[in-house]
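Chemist: Handing you a structure now.
The values are calculated or read from the model by the stated rules, or taken from the named source; none is laboratory data. Since the model is a prediction, treat every value here as computed from it, not as a measurement. Counting neighbours? That spans all protein chains shown, and the Cβs are built from the backbone with ideal geometry, glycine included.
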Amino acid sequence: MNQRIEDYALIGDLMTTALVGRDGSIDWLCLPRFDSGACFAALLGDEENGHWRIAPAAAPAGTGCTRRGYVGDSLVLESVWETDEGTVKVTDFMPQRDVAPDVVRIIEGVSGAVPMAATIRLRFDYGAVVPWVRRSEGHRVAVAGPDSTWLRSDPPVETWGEDKSTRSEFTVEAGERVAFVLTWHPSHEPRPDLVDPYEALEHSLEDWRAWSAQCRYEGPYREAVMRSLITLKALTYAPTGGIVAAPTTSLPEEIGGVRNWDYRYCWLRDATLTLGSLLQTGFLDEARAWRRWLLRAVAGDPADLQIMYGIAGERRIPETELPWLAGYESSAPVRVGNAAVDQLQLDVYGEVIDALYLARASGLVAESHAWQINVALLRFVADNWHRPDEGLWEVRGPRRHFVHSKVMAWVAADRAVRTLEANPEFDGNIERWRTMREEVHRDVCEKGFDPVRGTFTQSYGSVELDAATLLIPRVGFLPPDDPRVIGTVDAVRAELGHGGLVRRYSAEGPSVDGLPGAEGTFLACSFWLADALLMTGREKEARELFERLLELRNDVGLLAEEYDPVGGRQLGNFPQAFSHIGLVGTALALGGCQPTTDAPTLTDE
């Protein structure tokens with residue numbers, strides 16, 4: 001039986017992550033990268049698809065620990081079990097690596113003498129491949145194809161044939177510590193150097209303390225902001241600076257439904273909000289690395305710009321299904337790769353240009369070729385903004401003239417004009433982009449606004465609403481006190497609201513996104529509503545909504561993509577960068593930190 005999505009905590013080494021359940025089982029781990037095949041895939045199937053549980057022997061599978069939490073501002077997880085025999089603590093972490101990834105699990109006796117049980121089932125290639133396990137130098141070595149792991153432990157372990165697992169039973173007394181270390185390496189290479197688990201723990205805590213100390217934010221909700229920033233850091237692929245949307249695939253947006261996608265890639269539209277969060281809180285090294293990743297990824301013909309890339313900037317992300325996995329709570333199919341990579345989403349051009357503008361405005365030293373890339377992208381937008389597209393929600397229905405896409409085309413022109421006004425030495429056709437800015441603005445206000453209901457709609461000529469229109473004042477398209485902005489905020493809140501939160505759009509039928517079924521409320525959109533309420537002068541309501549959203553975090557401060565107000569549970573891939581970016585942005589706004597991309601007040605003329 002699957003644990004709830006919110007029952008998991010995250011550990012990672014800045015190249016990949018693992019999900020650790022409240023019951024002490026690691027049910028998801030991709031090695032050696034975020035987008036590699038999983039060697040523990042019970043999250044999307046069952047125990048036979050791979051997992052690693054360490055817990056008191058008397059605790060049946062699915063039984064949760066007494067309490068757990070991260071050690072300070074780190075990604076080191078402590079889970080405490082209180083039993084009739086005594087109390088034991090399990091510390092889980094992945095030390096930041098130079099070469100090979102390690103998962104370290106340290107069991108410490110707090111009181112009494114607690115019998116413990118450890119079971120590890122390695123299943124490479126998303127649970128499909130059972131490795132051959134042998135002894136070597138006192139360790140357990142598992143090999144299959146390109147993958148190899150070494151399991152080292154203080155207590156002895158035995159390999160069981162009937163269920164192809166490795167087990168250990170041992171007792172931990174008060175003051176005693178024992179450790180397990182799982183190390184991955186390519187099967188054709190020699191065994192990597194072995195880490196000392198106890199030294200690795202101290203070094204990991206030191207690394208996280210040093211990193212967290214850079215945070216400049218000292219306003220309200222700092223604990224929530226810091227945990228979200230640590231989560232964003234954990235989703236960063238250190239060698240390139242790319243940030244994955246989530247470390248999981250196919251966690252459902254509807255239990256039992258088909259809305260199951262692979263989020264282990266880097267979306268361009270996250271760039272602006274991610275950069276804003278990092279720059280406003282003092283993490284300049286991460287902001288620089290993200291910008292460098294962005295410039296490498298988008299280099300080339302602007303017509304070939306993709307909405308997402310691999311963590312090293314890879315362009316090919318073919319989508320396939322894994323039929324041997326039943327899916328989380330029977331939510332099938334399980335997908336790897338993402339076919340939305342081939343969609344036309346014109347808003348990403350605006351988001352890329354806005355991200356680079358934000359970097360310049362915040363004082364990051366400009367990359368010499370960044371403006372040339374800006375110009376190339378702008379030329380493409382100027383020639384193509386009239387076209388329909390699939391929009392930011394990656395709908396798999398017909399293309400439309402999405403209002404948000406047009407607004408972001410306006411953003412592209414606006415940021416270009418602002419850049420040239422501030423830097424007259426830059427090359428560029430400022431008059432063309434001024435004209436384009438005015439033309440797009442007029443087009444959106446004439447065709448994307450419903451004067452009867454007093455709201456912007458999802459697309460030209462539609463009656464559907466879209467939570468993305470809440471961003472209109474945030475990007476500067478219209479001032480917050482414009483009646484059309486206030487009407488849109490009220491309409492989205494009324495028509496897309498559910499349980500006090502906000503859905504992305506109406507999904508009762510297949511007309512909008514081409515998919516059956518529905519989904520939960522979208523957490524990032526709910527943070528956008530809080531931002532819009534604050535900008536339109538309703539601070540009390542904004543704060544109440546934000547604090548309601550904080551209550552939806554799990555016990556270690558993590559958020560998935562969506563929330564089901566009826567079932568009272570999190571939905572979608574987990575943890576979700578977009579949700580945590582939204583949390584940071586709203587907290588900073590409520591704390592009086594203003595974004596640096598405020599645009600001038602414009603009229604329709």
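Chemist: Yes or no: the range 207-226 includes at least one residue that is within 29 Å of G37 (Cα to Cα) and among the hydroxyl-bearing types (S, T, Y).
Modeler: No - not one qualifying residue is present in the range 207-226.
Chemist: Name the pairs whose Cβ atoms lie under 8 Å apart, with the first residue in the range 293-304 and buried (at least 22 other Cβ atoms within 10 Å of the Cβ), the second hydroxyl-bearing (S, T, Y) and at pLDDT 85 or above, and 6 or more positions between them or separate chains?
Modeler: W293/T240; A297/Y309
Chemist: Given T469, T435, which one is in a helix (DSSP H, G or I) and touching a His at 6+ places or on another chain (Cβ under 8 Å)?
Modeler: Testing whether each residue is in a helix (DSSP H, G or I) and touching a His at 6+ places or on another chain (Cβ under 8 Å) leaves just T469.
Chemist: Still on this structure, I have one more. Restricting attention to the range 440-463, which residues are among the charged types (D, E, K, R), farther than 12 Å from T488 by Cα and without any contact (Cβ under 8 Å) to a residue 60 or more places away in the chain?
Modeler: D443, E446, K447
Chemist: Quick one: would you say G62 is surrounded by 18 or more Cβ atoms within 10 Å (Cβ to Cβ) and either out of contact with any strand residue (DSSP E or B) (no Cβ under 7 Å at 6 or more places or on another chain) or in the same structural domain as E108 (by TED's automatic domain parsing) (or both)?
Modeler: Taking the combined requirement at face value, the residue does not satisfy it.
Chemist: Would you confirm, using the coordinates I've provided, whether E464 is assigned to a loop (DSSP other than H, G, I, E, B) and under 28 Å from G517 (Cα atoms)?
Modeler: Working: assigned to a loop (DSSP other than H, G, I, E, B): yes; under 28 Å from G517 (Cα atoms): yes.
Spelling it out, E464 is indeed assigned to a loop (DSSP other than H, G, I, E, B) and under 28 Å from G517 (Cα atoms).
Every residue, every condition in (1) of a type in the set (K, R); (2) in a strand (DSSP E or B), yes or no:
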residue	(1), (2)
D92	no, yes
Q96	no, no
S111	no, yes
A118	no, yes
R134	yes, yes
R140	yes, yes
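Chemist: Let me ask another. Do we have any residue at all in the range 169-190 that's out of contact with any helix residue (DSSP H, G or I) (no Cβ under 7 Å at 6 or more places or on another chain), of a type in the set (F, W, Y), surrounded by 15 or more Cβ atoms within 10 Å (Cβ to Cβ) and more than 28 Å from S36 (Cβ to Cβ)?
Modeler: Within the range 169-190 (the criterion being out of contact with any helix residue (DSSP H, G or I) (no Cβ under 7 Å at 6 or more places or on another chain), of a type in the set (F, W, Y), surrounded by 15 or more Cβ atoms within 10 Å (Cβ to Cβ) and more than 28 Å from S36 (Cβ to Cβ)), the answer is yes, since at least one residue qualifies.
Chemist: So, in the range 336-356, exactly how many residues are in a helix (DSSP H, G or I) and surrounded by 22 or more Cβ atoms within 10 Å (Cβ to Cβ)?
Modeler: Residues in the range 336-356 being in a helix (DSSP H, G or I) and surrounded by 22 or more Cβ atoms within 10 Å (Cβ to Cβ): 10 in total.
Chemist: Being within 23 Å of H51 (Cβ to Cβ), part of a loop (DSSP other than H, G, I, E, B), under 32 Å from the mean Cα position of the chain (by Cα) and not hydrophobic (A, V, I, L, M, F, W, C) is the filter here; which residues of the range 163-197 pass it?
Modeler: The answer is S187, and nothing else.
Chemist: Checking L229 against (1) in a loop (DSSP other than H, G, I, E, B); (2) modelled with pLDDT of 95 or more, which test does it fail?
Modeler: Unmet for L229, out of (1) in a loop (DSSP other than H, G, I, E, B); (2) modelled with pLDDT of 95 or more: (1).
Chemist: Please state which one of D481, D513 is in a loop (DSSP other than H, G, I, E, B), at pLDDT 95 or above and among the charged types (D, E, K, R). Spell out the reasoning first.
Modeler: Details: D513 fails: at pLDDT 95 or above.
D481 is the lone residue from the list that is in a loop (DSSP other than H, G, I, E, B), at pLDDT 95 or above and among the charged types (D, E, K, R).
Chemist: Please state which one of V403, V411, V463 is closer than 30 Å to L545 by Cβ, in contact with an Asp or Glu (Cβ under 8 Å, 6 or more places away or on another chain), assigned by TED's automatic domain parsing to the domain that holds L346 and at pLDDT below 95.
Modeler: None of the other options fit; the residue is V463.
Chemist: Here's a follow-up. Residues to consider are A312, A370, A382; find the one that is assigned by TED's automatic domain parsing to the domain that holds N573 and at pLDDT below 90.
Modeler: Working: A312 fails: at pLDDT below 90; A382 fails: at pLDDT below 90.
The unique qualifying residue is A370.
Chemist: I'd like to verify a number: residues in the range 517-539 that are more than 23 Å from N573 (Cα to Cα) and among the acidic types (D, E), how many?
Modeler: Residues flagged as more than 23 Å from N573 (Cα to Cα) and among the acidic types (D, E) within the range 517-539 amount to 2.
Chemist: From E253, E286, E319, which residue is in contact (Cβ under 8 Å) with a residue 40 or more places away in the chain, touching a strand residue (DSSP E or B) at 6+ places or on another chain (Cβ under 7 Å) and surrounded by fewer than 24 Cβ atoms within 10 Å (Cβ to Cβ)?
Modeler: Just a single option satisfies the conditions, and that option is E319.
Chemist: Return a yes/no flag: does the range 589-605 have any residue that is within 20 Å of the chain's Cα centre (by Cα) and either closer than 30 Å to D481 by Cβ or at pLDDT 95 or above (or both).
Modeler: There is no residue in the range 589-605 that is within 20 Å of the chain's Cα centre (by Cα) and either closer than 30 Å to D481 by Cβ or at pLDDT 95 or above (or both).
Chemist: Quick one: would you say D555 is assigned to a loop (DSSP other than H, G, I, E, B), farther than 23 Å from S250 by Cβ and touching a residue at least 40 places away in the same chain (Cβ under 8 Å)?
Modeler: So D555 passes the test.
Chemist: Going through the range 134-162 one residue at a time, which ones are closer than 16 Å to R53 by Cα and either touching a residue at least 60 places away in the same chain (Cβ under 8 Å) or β-branched (V, I, T) (or both)?
Modeler: V157, T159
Chemist: How many of the residues in the range 559-577 are touching a residue at least 40 places away in the same chain (Cβ under 8 Å) and either basic (K, R) or surrounded by fewer than 24 Cβ atoms within 10 Å (Cβ to Cβ) (or both)?
Modeler: 5
Chemist: Within the range 322-345, can one find any residue that is over 18 Å from the mean Cα position of the chain (by Cα) and more than 23 Å from L251 (Cα to Cα)?
Modeler: Yes - at least one qualifying residue is present in the range 322-345.
Chemist: Name the single residue, out of those in the range 6-25 being of a type in the set (A, V, I, L, M, F, W, C) and either over 19 Å from V334 (Cα atoms) or not assigned by TED's automatic domain parsing to the domain that holds V103 (or both), that is farthest from the chain's Cα centre (by Cα).
Modeler: V20
Chemist: Now for a separate question. Looking at (1) touching a helix residue (DSSP H, G or I) at 6+ places or on another chain (Cβ under 7 Å); (2) more than 13 Å from W184 (Cβ to Cβ), which one does V130 not meet, given that it meets all the others?
Modeler: Checking V130 against (1) touching a helix residue (DSSP H, G or I) at 6+ places or on another chain (Cβ under 7 Å); (2) more than 13 Å from W184 (Cβ to Cβ), the one that fails is (1).
Chemist: Can I ask one more? Go through the range 419-443 and give me each residue that's touching a Phe, Trp or Tyr at 6+ places or on another chain (Cβ under 7 Å) and within 18 Å of Y349 (Cβ to Cβ). Talk me through it step by step, then tell me what you get.
Modeler: Within the range 419-443, the first condition is being touching a Phe, Trp or Tyr at 6+ places or on another chain (Cβ under 7 Å), and the residues that meet it are 419-420, 426, 437, 440-441.
Once the filter is applied, which keeps residues that are touching a Phe, Trp or Tyr at 6+ places or on another chain (Cβ under 7 Å) and within 18 Å of Y349 (Cβ to Cβ), the range 419-443 yields T419, L420, R437, V440, H441.
Chemist: Now for a different question. Report yes if some residue within the range 130-146 is surrounded by fewer than 20 Cβ atoms within 10 Å (Cβ to Cβ) and closer than 25 Å to D84 by Cβ; otherwise report no.
Modeler: Scanning the range 130-146, I find no residue that is surrounded by fewer than 20 Cβ atoms within 10 Å (Cβ to Cβ) and closer than 25 Å to D84 by Cβ, so the answer is no.
Chemist: For the range 1-76, which strands (runs of 3 or more DSSP E) that fit wholly inside it have 3 or more residues that are of a type outside the set (A, V, I, L, M, F, W, C)?
Modeler: 51-56, 67-70
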